[in-house]
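Before any comments, here is the structure.
The values are calculated or read from the model by the stated rules, or taken from the named source; none is laboratory data. This structure is a prediction, so every number in the text was calculated from the model and none was measured. Because the Cβ atoms are built from the backbone with ideal geometry, glycine has one as well, and the counts that use them run over all protein chains shown.
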Amino acid sequence: MKTLKEIKQNIKQFNCYWDADDTETTNKFNQLSLEERIYWFINSKEHISFAEFHRFFGEEMEGDIFLELGGDNGKKMNCYAWMGMNKTFVDTIKAMIDKEYIFLNPSVFLVYLFDGKLLPLPLAKRVPKNGYKEPHWVPVVFTTFRQSTSFTLKEVKTC
């Protein structure tokens with residue numbers, strides 16, 4: 001994995017959105033590593049939902065893995081952030097969170113409603129200390145800064 005400084009240097013030329021017809025810039029962007037493109041996307045907009053990731057990365061992120069939020073005590077929380085990603089995408093996101101390049105922060109379901117994708121699970125109103133008995137969805141967004149409550153991804157499961 002590259003350092004954050006290397007990532008920022010490599011994405012500098014893509015500091016704003018470009019015309020979709022600009023194939024030269026699009027081709028250059030697509031040559032960046034997955035971690036560079038993820039960081040660019042989060043850094044360019046801030047507060048990125050998994051629904052926005054899905055819209056931007058499309059098939060590149062699709063798979064059969066879903067993410068459970070990790071609890072401080074290592075106990076199964078039954079709180080899920082998203083479903084339907086592939087191992088490469090998940091491993092890249094987890095590594096970037098572990099290195100604190102990006103952060104996973106609480107959000108509200110309205111963000112996902114606006115972004116056009118929701119999970120078919122009951123909505124978690126809060127993350128209980130000992131978790132839920134049944135699976136619940138916890139809406140989250142990615143940022144490049146830590147908020148007072150940032151989540152970790154401690155468990156990766158296959159659907």
With (1) aliphatic (A, V, I, L, M); (2) in contact (Cβ under 8 Å) with a residue 24 or more places away in the chain; (3) outside any strand (DSSP E or B) as the list, and residue 110 as the residue in question, which single condition is left unmet? (2)
Please work out which residue is modelled with the lowest pLDDT, limiting yourself to the stretch 42-59 and to residues that are loosely packed, with under 14 Cβ neighbours inside 10 Å and among the acidic types (Asp, Glu). 46
Are any of the residues in the stretch 128-135 touching a Leu at 6+ places or on another chain (Cβ under 9 Å), assigned to a strand (DSSP E or B) and modelled with pLDDT of 90 or more? no
Could you check the stretch 71-103 and list, in sequence order, the residues that are of a type in the set (Gly, Ala, Ser) and exposed (fewer than 14 other Cβ atoms within 10 Å of the Cβ)? 74, 95
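This table checks each residue for (1) more than 17 Å from residue 118 (Cα to Cα); (2) within 12 Å of the chain's Cα centre (by Cα); (3) outside any helix (DSSP H, G or I).
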{"site": "36", "(1), (2), (3)": "yes, no, no"}
{"site": "40", "(1), (2), (3)": "yes, no, no"}
{"site": "65", "(1), (2), (3)": "no, no, yes"}
{"site": "76", "(1), (2), (3)": "yes, no, yes"}
{"site": "88", "(1), (2), (3)": "yes, no, no"}
{"site": "92", "(1), (2), (3)": "yes, yes, no"}
{"site": "97", "(1), (2), (3)": "yes, yes, no"}
From the options 119, 123, residue that is loosely packed, with under 14 Cβ neighbours inside 10 Å and more than 21 Å from residue 33 (Cα to Cα): 123
Subset of the stretch 101-125 (residues that are in contact with a Ser or Thr (Cβ under 9 Å, 6 or more places away or on another chain) and among the charged types (D, E, K, R)): 115, 117
Show the residue pairs meeting these rules: Cβ distance below 7 Å; 6+ apart or different chains; first residue within the stretch 40-54 and polar (S, T, N, Q); second residue part of a helix (DSSP H, G or I). 49/111; 49/112; 49/115
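Using the structure shown, decide if residue 101 is within 13 Å of the chain's Cα centre (by Cα), touching a residue at least 12 places away in the same chain (Cβ under 8 Å), in a loop (DSSP other than H, G, I, E, B) and at negative phi.
yes
Within the stretch 1-41, work out how many residues are of a type in the set (Ser, Thr, Tyr) and modelled with pLDDT under 75.
Residues flagged as of a type in the set (Ser, Thr, Tyr) and modelled with pLDDT under 75 within the stretch 1-41 amount to 1.
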Which of (1) surrounded by 15 or more Cβ atoms within 10 Å (Cβ to Cβ); (2) at pLDDT 90 or above does residue 106 not meet, given it meets every other one? (2)
